[in-house]
Number of protein chains: 2
Amino acid sequence: MSRGPGRDELVTRCGRTQALMEAMGLDLLLATTEPEVRYLTGFRTPFWQSPTRPWFVLLPLRGAPHAVIPAIGEVCMERCYTASIRSWPSPAPEDEGVTLLAATINELVSGRCRVGLAMGPETHLRMPLGDFATLKALLPGVIWRDATRIWRQLRMVKSEREIACIREAGQRTCDAFEALGAYLEPGLSEIEIFRRMRIEALQAGVDDVPYLVGGAGRGGYGDIISLPTSRPVGTGDVLVLDVGATFDGYHCDFDRNFAVGQPDAAVSEAYRQVHEALDAGLEAVRPGASCADLHRVMSTVLRGRGGGRDAGNVGRLGHGIGMQLTEWPSITDTDDTVLEVGMVLALEPGLVFSGDRAMVHEENIVVRDQGAELLTRRAPPVIPVI
Amino acid sequence: MSRGPGRDELVTRCGRTQALMEAMGLDLLLATTEPEVRYLTGFRTPFWQSPTRPWFVLLPLRGAPHAVIPAIGEVCMERCYTASIRSWPSPAPEDEGVTLLAATINELVSGRCRVGLAMGPETHLRMPLGDFATLKALLPGVIWRDATRIWRQLRMVKSEREIACIREAGQRTCDAFEALGAYLEPGLSEIEIFRRMRIEALQAGVDDVPYLVGGAGRGGYGDIISLPTSRPVGTGDVLVLDVGATFDGYHCDFDRNFAVGQPDAAVSEAYRQVHEALDAGLEAVRPGASCADLHRVMSTVLRGRGGGRDAGNVGRLGHGIGMQLTEWPSITDTDDTVLEVGMVLALEPGLVFSGDRAMVHEENIVVRDQGAELLTRRAPPVIPVI
């Protein structure tokens, strides 16, 4: 597969963004985070992991985005979709791009104007709070508006290229789980198993495995966001690996459960139940259904066996996936987001059993006209034994 | 090696933090980002990659930290160093922990008080901007103060355990580079080489390779923050891999250069020059020297051959490393940070040659009484040929 969005996709994205900006009465949109900057320009580098430098992209109502970035990013940004690139020598802690950003905003939209940026749920501003205060003081004519719903609406529906990337990540991670199955045996430590999973996934063709959590516990596991420990897995354990692997910058996010030795009846039954709940979720996916509908359908199946309690306090039965490991929407009973063709979701039903043990199961799908299309290969209906 | 900081280290950290808070006149410190929360409590999970939920930790002037977190983190946080854990069911976009955080702040420090949080260079607030505005409105008695210099001072000097983790990451990545050397041959694509490097590093024992950038170019490379492409490397290329690998949550960050086939004189000479500049930097490291001193010493060597121009516009000749890929301080001519025993640095001299080609070289060190101790194995003085 060729890498990165082509120019056409970026032009389409910016055009769509501008239509939403216009509808909201915005004159300019300010992007400061990795997915926002990448969405508009195609700019991609792991360098975001360094907190030293902020990066800014401004989208006016017409034309391509304007980049205001540290000089280290110039060469990389020149390959992206921009109308202009302005840069400053960085690090420069006394003025880390703030006056250059203010000057660029003044140039693009002079006088009183409305600038949108993400201020709502699941967002943050990736620049120092003190610098944002300075920016506001430098631009007294600007009215700052929350543009969260623009980003949400844009990014929830994926292009066929984005879907193909997530499918690639999902399929190759399924290959890796198959290879891992042959390697697993009692006595290996969680750390050894997780390291092997990372290697198998890379060998199967994913670009990276940024997210890998889980662990094993006697008769079931307790939480699902922990790192592996040096504890060896033993007979009677349930092992879970929850994997966010990437291909070309897009994440799959799903888990697989294994019983070490023959599972007891409670484990088998809990697994069967989350598997059935997931089947019910798959059946319920269609354009026009809401996230709350999916939640109701899956929780009805789960409630049969103590699934009324929220496994691992996850707080939802799934979520969007894409450039980030988790994205809008959330599959909760209060999320009224209506499913649209092209949305990509992780369905993630879980339940609590045997007191405080959790069982969580997850697959990735894309919403199609006719319903759910799996991007991962469906886990077996009976818990695999190692 | 055992994993995570022990209770003693966390108690020491919090005590030190409280002394600095007292000196600055703060009543409470608010942590919202991964390294801040981890520094105070030992809490570690890759779940921070999900942007859905904010996490808060409050440190008063006495005692252990108080966690205010989404319920999904309870079990994991119970294993950490806290005086109390309060949680809310999340996702809850209409009130994502904000009123619980306000109530907890009111409980810990009632009435007029000073709450510190990071607002300065290299920081950001990891919660929605709108929620922070709500929080401020809920707490009219609070004066919010910038606590950046507290975090900087605390985190710049590492414990022996932290240094051991960075050394482990560095040594194992050196092992991986040796293994990679045997694999490299003309005709492999950058993507294949980078994938193999990730696998070799995992096999050598690092936990993960979150940062891996670089690439190859005829007679030298152009920038150093890019992802690998599908272009095959060929005779005459210079290949660079810049690796941030982790062990127990701590990063090494260094690069290695390779010539594909016999390098021309310009490449050999550029490599020799950055290697010499790094040697000069190693010599200059001692407690009491400043970052500006290190910068001067290395740039003097570089200036001999066009090194006056900033290779790749990196803007500095090194930086701190630790829980994050890059940390304070910066090795620039304006950073007057004085080196202290226990600081861990990446020395990273670079130059521009043959017009627009960059050559960047990097090693990791810890500042000791007697000078620099290498945490990576010194690269050969002549560019390796593949």
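The values are calculated or read from the model by the stated rules, or taken from the named source; none is laboratory data. On a predicted model such as this, the values are computed, not experimentally measured, just so you know. Quick reminder, even Gly has a Cβ in these numbers, built from the backbone with ideal geometry, and neighbours come from all protein chains shown. Ligands, DNA and RNA are stripped out before the accessible areas are found, and what is left, the full protein with its side chains, is counted by its heavy atoms. Shrake-Rupley method; radii C 1.70, N 1.55, O 1.52, S 1.80 Å.
Odds and ends about this structure:
- Residue-level accessible surface for B:Leu29, protein heavy atoms, 1.4 Å, Å²: 0
- Calculated diffusion of the range A:228-292, Stokes-Einstein form, Kirkwood radius summed over Cα pairs, 37 °C and 0.692 mPa s, µm²/s: 223
- Axis-proximal residue, chain A, for the rotation superposing A on B (Cβ, Å): A:Ile199, 3
- Each DSSP beta bridge with both residues in chain A is either parallel or antiparallel, and the antiparallel ones are about 80%.
- Exposure ranking of A:Thr104, B:Thr12 by accessible area [1.4 Å probe, largest first]: B:Thr12, A:Thr104
- In summary, the convex hull built on the alpha carbon positions of the range A:201-313 has an orientation-averaged projected area of 8.8 nm².
- Residue-averaged 222 nm ellipticity for chain B, from DSSP H runs of 4+ at -39500 (n - 2.57), nearest 500: -11000 deg cm²/dmol
- The phi torsions of the range B:81-87, fed into the Karplus equation with coefficients 6.51, -1.76 and 1.60 and a -60° offset, translate into couplings of 8, 9, 8, 7, 10, 10, 9 Hz, rounded to whole numbers, with Gly and Pro shown as x.
- Listed residues B:Cys80, A:Cys113 arranged by accessible area, highest first, probe 1.4 Å: B:Cys80, A:Cys113
- Accessible carbon and sulfur surface of the protein assembly as shown relative to its total accessible area, %, 1.4 Å: 50
- Surface accessible to a 1.4 Å probe, per residue, for the residues of the range A:308-373, Å²: 29
- Dimensions in Å of the range B:302-355 - Rg and Dmax from alpha carbons: 12.6, 40
- Beta bridges by DSSP in the range A:239-386, antiparallel share as percent, to the nearest 5: 95
- At the listed q of 0.12, 0.13, 0.14 Å⁻¹, the Debye profile of chain B, built from one uniform point per Cα, gives log10 I(q)/I(0) equal to -0.94, -1.05, -1.15.
- Accessible surface ranking that places the most exposed of A:Ser87, A:Ser189 first, with a 1.4 angstrom probe: A:Ser87, A:Ser189
- Inter-chain shielding of A:126-132 (mean C-beta neighbours from other protein chains, 10 Å cut-off): 6
- Candidates A:Val352, A:Val37, A:Val109: whichever shows maximal mean-square fluctuation once chain A is modelled as a Gaussian network with Cα springs under 10 Å: A:Val109
- Note on the range B:119-210: Rg/Rh from C-alpha atoms, Kirkwood Rh, equals 1.24.
- Model label sites at B:Asp369 and A:Val385, defined 7 Å from Cα along the beta-carbon direction, differ in position by 6.2 nm.
- Inter-copy separations for B:Thr99, label at 7 Å along Cα-Cβ, nm, ascending: 4.5
- Value of Rg to Rh for the range A:249-335 (Rh from inverse mean 1/r over Cα pairs, i.e. Kirkwood): 1.00
- Here the Karplus relation 6.51 cos²θ - 1.76 cosθ + 1.60, evaluated at θ = phi - 60°, turns the backbone of the range B:227-242 into coupling constants of 7, x, 10, 8, 5, x, 7, x, 3, x, 7, 10, 10, 10, 10, 10 Hz, with x for every Gly and Pro.
- Exposed loop sites, defined as GluC sites (Glu not before Pro) outside DSSP H, G, I, E and B with at most 14 other Cβ atoms within 10 Å, are absent from the longest region of chain A, namely A:95-339.
- Sequence-distant aspartates and glutamates (8 or more away, or on other chains) whose Cα lies within less than 15 Å of B:Lys158: B:Asp8, B:Glu9, B:Glu36, B:Glu168, B:Asp248, B:Glu327, B:Glu340, B:Asp369, B:Glu373
- Distances from A:Ser84 to itself in the other copies, using label points 7 Å out along the Cα-Cβ axis, amount to 5.3 nm in increasing order.
- All aspartates and glutamates inside 17 Å of B:Lys136 as judged from Cα atoms, apart from same-chain residues fewer than 8 positions distant: B:Asp27, B:Glu94, B:Asp95, B:Glu96, B:Glu107, B:Asp146
- Cα centroid of the range A:9-25 to Cα centroid of the range A:42-116, whole Å: 19
- Inter-centroid distance (Cα atoms) of the range B:162-233 relative to the range A:131-152, Å: 40
- Expressed in units of 2.2 N^0.38 Å, where N is the residue count, the Cα radius of gyration of the protein assembly as shown is 0.93.
- Build a GNM of chain A with springs between Cα atoms under 10 Å apart, and of A:Ala311, A:Ala245, A:Ala71 the one that fluctuates most is A:Ala71.
- Highest GNM mean-square fluctuation among A:Leu138, A:Leu117, A:Leu212, for chain A modelled with Cα contacts below 10 Å: A:Leu138.
- Across the range B:374-386, computed HN-Hα scalar couplings (Karplus, 6.51 cos²θ - 1.76 cosθ + 1.60, θ = phi - 60°) run 5, 9, 10, 8, 3, 5, x, x, 10, 4, x, 10, 10 Hz from first to last residue, x flagging Gly and Pro.
- For the pair B and A, total buried accessible area rounded to nearest 100 Å², probe 1.4 Å: 5400
- When you work out D = kT/(6 pi eta Rh) for the range B:64-143 at 20 °C and 1.002 mPa s, using the Kirkwood radius from C-alpha pairs as Rh and the Stokes-Einstein form, the result is 155 µm²/s.
- Residues with amide H under 5 Å from that of A:Met343, placed H, sequence gap 5 or more: A:Lys158, A:Val367
- Inter-copy label distances at B:Ser110, using a point 7 Å along Cα-to-Cβ, come to 5.6 nm with the shortest given first.
- Directionally averaged projected area (the range B:228-386, Cα convex hull): 9.4 nm².
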